[in-house]
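What follows is a short report on a single structure.
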Amino acid sequence: MNTYMIEQAKVTIKTNRHTYSDEVVERLSSFAKIHEYDERKSFKEAWQKWIEDPDIKTVIGQEVSRLTSNGLTGDILERMYKSARYYYRKKGGCEDEIVKSVIRKEYEGLPRSVLRTIDDYIHGEINRSILESESGGNKQRPIEITAAKSFLSFCKMHYNIISDMIPPTDEKSTNMREELKKVTDKLKKTYKNRFYNIKITL
């Protein structure tokens, strides 16, 4: 009688540590879809302008640091560009459904009237920044205002929007603070995304 020794193999499931964060995927997808039909040169110029935006630069910088610490080597920024140019710009099927889902959730989360108010305010802020720069003799039309500063200004001018978005509570201060934070975080994310999208099209 033969005895067979079965050695249990240790199986290690490799995790893909080099995938982009959800935020970076959303930003790259949004940029790629806006410039979906750009020629190569125009796409590259828009990309260079986009990555120099202070807020985008911060997000990308953090992502590069994270991926580098996870062991990814090479030019990560160039890799992101190729992802936007050759993957997110042309990707159909499942990827399109993800993008549509993100947009659909945003519109479900905020009324169209609020989105229109946000867009109008952002256009006004950016145009005002351009006019101020041009009046100072700078014809390159730099947009100095940031999404963060613009959002704070928006909240001061339209606090009623935040108030209307807070659901009824039992009046306890802790609940009110929690609901206010939820509403503000949701509004901030939507505002910043729309600010970036409007800014890079100018």
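Give me the net charge of VAL24's neighbourhood, meaning all other residues with Cβ under 10 Å from the Cβ of VAL24; Lys, Arg count +1, Asp, Glu -1. Value of the local net charge: -2. Between ASP164 and ASP185, the contour length at 0.36 nm per residue exceeds the Cα-Cα span by 6.1 nm. Just list whichever of LYS33/LYS199; LYS41/LYS82; LYS57/LYS182; LYS149/LYS189; LYS33/LYS188; LYS82/LYS199 have alpha carbons separated by over 19 Å in the model shown. As for pairs spanning more than 19 Å Cα to Cα, those are LYS57/LYS182; LYS33/LYS188; LYS82/LYS199. Under the combined filter of DSSP loop state and at most 13 neighbouring Cβ atoms within 10 Å, segment 24-57 retains these GluC sites (Glu not before Pro): GLU36, GLU39, GLU52.
The calculated pair-distance distribution of segment 22-97 uses every alpha carbon pair, bins of 10 angstrom beginning at 0, and gives 18, 52, 28, 2 percent.
Any read-out appearing in this document is the output of simple, stated calculations on the displayed coordinates, not a laboratory observation. As the structure is a computational prediction, the values presented were derived from the model and not from experiment. FYI the Cβ positions are ideal-geometry reconstructions off the backbone, even for glycines, and counts take in every protein chain you see.
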